[in-house]
1. Evaluate the stretch 42-58: report whether one residue or more is modelled with pLDDT of 95 or more and over 24 Å from Leu259 (Cα atoms).
2. Asp129 - would you say it is over 22 Å from Glu77 (Cα atoms) and touching a residue at least 60 places away in the same chain (Cβ under 8 Å)?
3. Tell me, yes or no, whether the stretch 230-243 has at least one residue that is buried (at least 23 other Cβ atoms within 10 Å of the Cβ), under 29 Å from Phe389 (Cα atoms) and at pLDDT 95 or above.
4. I'm trying to understand the selection: among the residues of the stretch 205-237, which are assigned to a helix (DSSP H, G or I) and not charged (D, E, K, R)?
5. So, in the stretch 13-30, how many residues would count as being among the acidic types (Asp, Glu) and part of a helix (DSSP H, G or I)?
6. Has the stretch 186-195 got any residue that is surrounded by 16 or more Cβ atoms within 10 Å (Cβ to Cβ), in contact (Cβ under 8 Å) with a residue 24 or more places away in the chain and within 15 Å of the chain's Cα centre (by Cα)?
7. Could you grab me the full set of residues in the stretch 232-273 that are hydrophobic (A, V, I, L, M, F, W, C) and more than 17 Å from the chain's Cα centre (by Cα)?
8. Give the residues of the stretch 31-83 that are of a type in the set (S, T, N, Q) and either out of contact with any Gly (no Cβ under 6 Å at 6 or more places or on another chain) or assigned to a strand (DSSP E or B) (or both), sorted by residue number.
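The values are calculated or read from the model by the stated rules, or taken from the named source; none is laboratory data. Just so it is clear, the structure is predicted and the values come from calculations on it, not from any experiment. Methodologically, a virtual Cβ is constructed for each residue, glycine included, from the backbone with ideal geometry; neighbour enumeration extends over all protein chains shown.
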Amino acid sequence: MDLSEAETETPEETGTLPLDAWHRGRGARMVPFAGYHMPLQYSAEHGGGLIAEHEWARTQAALFDVSHMGQLLLTGENPAEALEELVPGLISSLKPGRVRYTLLLNDEGGILDDLMVTNVTPWIEGDEDAGTEGHWGEPAYYLVVNGATKWDDIAHLREHLPDEVNLQHMDDHALLALQGPNAATALGRVMRGVPDDLVFMQSVEYQFGEWPLRITRAGYTGEDGFEISVPAEFAESLADRLMAEIEVRPAGLGARDSLRLEAGLPLYGHDLTAEIDPVSADLSFALSKKRREAGGYKGHATIANALKDGPASHRVGLVLEGRLPAREGADVFAGDAKIGAVTSGGFSPTLGHPIAMAYVDAAHTEIGTELEVAVRNKRLPARVAPMPFVPHKYFRGS
């Protein structure tokens, strides 16, 4: 993603996040993105700047405001089974407190969005005096979808989910992401016991004073970290409390994009679109094994063929020589033949050289394959590299 695009977006109406004034008070450079004014980076006097924020997330704990994302709640009659008709993930087997990455697909197997699904079915405590035992309540699922697609996602879900399934848009909630190797230390100091109880892709409800929170150990940087859903009215107080910890500084869109690129994580609308299927996108891990043959979800036939015969093109990582980055849309060549195009690219602060993601013809996807990328009327040497470019550091237990 070229972040200059964020500055040139001109939506008819640009909304404000609950923390808009909070960001501006810390010298944030605000840009339109996904329909909202969002911080691109912060002023140097607040420890900001794209490189500084990127490096802080890699070494300490960076606080991102991702309240533009869509937060949805599914309840009612058999919500997991209903959702499984629209996504290839196995949702009905997801245990309470567990999180699964999955994809919203169209009839042709194209990706409408990628999302996180959490089983938030509540535990009902028993009453010893009344002679009742504890039990699980009515099933409920919490979805986090991309900000740029959330209105289309909501419309798609409402159109295709049965009337017996209730869809609630949690537009009265903010979402904060605390990311970095010291995120657990800082959060543990603020909220005792939470980090120790969670591993990657687990989620818990937490009552922090009067604030009801949902804390999920996950993120979009490749680092250990947490996403915290909080009622919007408490978002500023929570941000201030986290920022009081010495490990924590704010970070904006610029660092979030360079971090996720180093982590090899795709961005919807750039690396993923409605014309791209999960196999081509190198997201076959999101296709639950039990459902690859059984199907029962939109686009299954197309995806089954891609799994059987292999995709015509594939998302790969590219490492470029020199310091000039390749941006989205740059053509990729094997000799004189154009064999693909870059979908995300930039300079890697951690590695000290340019990296990119591209879709290239299947014949040129082997690791180490020498290619060229057209940048500013030049052909820059590049080679296919494994992703992630920077190893993931998710906490999976001691």
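1. There is no residue in the stretch 42-58 that is modelled with pLDDT of 95 or more and over 24 Å from Leu259 (Cα atoms).
2. Values: over 22 Å from Glu77 (Cα atoms): yes; touching a residue at least 60 places away in the same chain (Cβ under 8 Å): no.
Considered against the rule, which asks whether it is over 22 Å from Glu77 (Cα atoms) and touching a residue at least 60 places away in the same chain (Cβ under 8 Å), Asp129 comes out as no.
3. The answer is no; no qualifying residue exists.
4. Step one: filter the stretch 205-237 for residues assigned to a helix (DSSP H, G or I), giving 232-237.
Correct list: Ala232, Phe234, Ala235, Ser237.
5. Kept after step one, since they are among the acidic types (Asp, Glu), are these residues of the stretch 13-30: 13, 20.
Subset that is part of a helix (DSSP H, G or I): 20.
So the count comes out to 1.
6. Looking through the stretch 186-195, none of the residues is surrounded by 16 or more Cβ atoms within 10 Å (Cβ to Cβ), in contact (Cβ under 8 Å) with a residue 24 or more places away in the chain and within 15 Å of the chain's Cα centre (by Cα).
7. So in the stretch 232-273, the residues hydrophobic (A, V, I, L, M, F, W, C) come out as 232, 234-235, 238-239, 242-244, 246, 248, 251, 253, 255, 259, 261, 263, 265, 267, 272.
Across the stretch 232-273, the qualifying residues are Ala232, Phe234, Ala235, Leu238, Ala239, Leu242, Met243, Ala244, Ile246, Val248.
8. Of the stretch 31-83, the ones of a type in the set (S, T, N, Q) are 41, 43, 59-60, 67, 71, 75, 78.
Matches in the stretch 31-83: Gln41, Thr59, Ser67, Gln71, Thr75, Asn78.
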